[in-house]
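Notes follow once the structure below has been shown.
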Amino acid sequence: MANGYAPRPRSLAGPIVLILVGVVFLFVHTLHVIPGERLGEIFARYWPLLLIFWGVVRLVEYQRAKQAGTATPGVGAGGVLLLVFLIIVGVSASGWYHHRNEIGNLMDQEDMPWFGGDRYSFDDQLSQEFPANGSLRVVNDRGAVTITTSDDKTIKVLVHKRVSASDQDEANKYNEQTKPQLTVVEKTVTLNANVQAAGSHRVTSDMDVFVPRNASVVVTSGRGDVSINGRDADVEISSRSGEVTVDDVKGNAKLEVEGSSVRVSRISGDVSVDGHVHEISVSDVKGSARLSGEFSESVNLSRIGKTVSFKSSRTDLEFSSLDGSLDLDGGDLRGTTIGGSVRLLTKEKDIRLEGVAHDVRVSNSDGVVEVRVSKLPVGSIDILNRNADVQIYLPDQAGFRVDARTDNGEVQSDFNGIKVSNENDRGEASGTVGNGVGTVKITNSHGAIEIRKGSAMAATPPVPPEPVIPAPPKPGKHAVPKEGVQQF
């Protein structure tokens, strides 16, 4: 320019990101390489990669400008608006992704006929011989899958389909397009509900499958309940939404779930559960139980023959076995009759472990820790806590060495041989009880430490609940309750 002023160059990060998004939607969505719903999920999970790519482009531009001795390209108002828009859309998509199961289940309600038109029902049936020592693979993007044992060497499938359509002719067309497919390759039988053939149109196919008991089963479910009962082989389930139930399996059970509730019982092998789970119950497992992921509601484990492993973003727990039960609900963790060693690393939980018989390691914060040792000899007990009390109950005849310390708290003990000092907001206890075989180490801050005899647990009986006295009837009311029915 005549005055020597050169405008500041603009960054190419925004245009490159736009081109990238446009190319993806053009060649992926338009050509139907990936279904639209799946593409939306991919964006919801990985949209921050666009911000990373944006940052990489800006970094390259900065380095090139620095080497050339020129001004760094500016983002501009348009680039800022695009960046803000991308963040808003990405955060919204992530929220949709995490809550899509609840929304999808709401849309699937039978009492919402206004969604997608009227509902039309169709029934179908498939049957053929099942190969000896064969395996079954089931795929259903939308609908329930129930697998039970057949009485002979055949596979039988009962299909109940629901189609949303504007009229009967349209419903018939989508029904024909989505006929279930049953194929056999060597010893693998594949059952496909084929609802994806309707594209974005809503078709739900519930399938009751009867198959020989010795067949292993693999189920891939998009949205719908999955139930498997009675197998003499391994079971694998991948579920994105719905309730998953597995019962009476003489093999291993492997589950990968996303926004599902799980109930597993009577398994002769190992149980593995990964993913995002609402409620989960695992019981009567002769092998090990391994749970990993995020658990938003309640966890109940009982009677696990081998190792119990539980890992989430807040809790890392491992038992050698579980003869009793473990309940984890919100901020409470309760375990009874625990076999073998115990390792528990967590935070913000009130912990109560009963029937502990071997080594114990607990790390917690902002929650009470109570450990009750039931058998002799006492093993190695190491408890680290903060901002709450620690209580440990040991058999009256136990032998152990003690090293207990707390800041801003006191130490109390029922055992002779333990020297206790509580001075200057600091409590300490040390000494040897009996033969000193076991070790008890407790470190706490902003909370008390209590070392009690096991007999002290029975010394204080539980307080019975106060009786509930019904309120007198209001004047003018003459309604008489029916016999055997409580009114509240």
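Every number here is computed from the coordinates shown, using simple stated rules; none is lab data. In this text, all values refer to a predicted model and were calculated from it rather than measured experimentally. Virtual Cβ from ideal backbone geometry, glycine too; neighbours counted across all protein chains shown.
Listed values, structure above:
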item	result
Cross-link partners of Lys441 among lysines (Cα-Cα below 25 Å; sequence separation of 8 or more within a chain)	Lys311, Lys347, Lys349, Lys375, Lys419, Lys453
Rough spin-label spacing in nm, given labels placed 7 Å along Cα→Cβ, for Arg343 and Asn416	3.9 nm
Reachable lysines from Lys173, criterion Cα separation under 30 angstrom, eight or more residues apart if same chain	Lys156, Lys161
Convex hull projection area averaged over all views, region 227-293, Cα basis, nm²	3.4 nm²
Debye-sum result for region 133-207 in log10 I(q)/I(0), which assumes one identical scatterer on each alpha carbon, at q = 0.16, 0.19 Å⁻¹	-0.61, -0.79
Stretchable slack from Phe53 to Ala456, in nm (0.36 nm times residue separation minus alpha-carbon distance)	138.7 nm
Rounded D (µm²/s) - region 314-455, Kirkwood Rh over Cα pairs, Stokes-Einstein at 37 °C, 0.692 mPa s	222 µm²/s
Cα-projected label distance for Phe85 with Thr148, points at 7 Å along beta-carbon direction, nm	5.5 nm
Segment His276-Leu182, length gained on full extension (0.36 nm per residue, minus Cα span)	30.8 nm
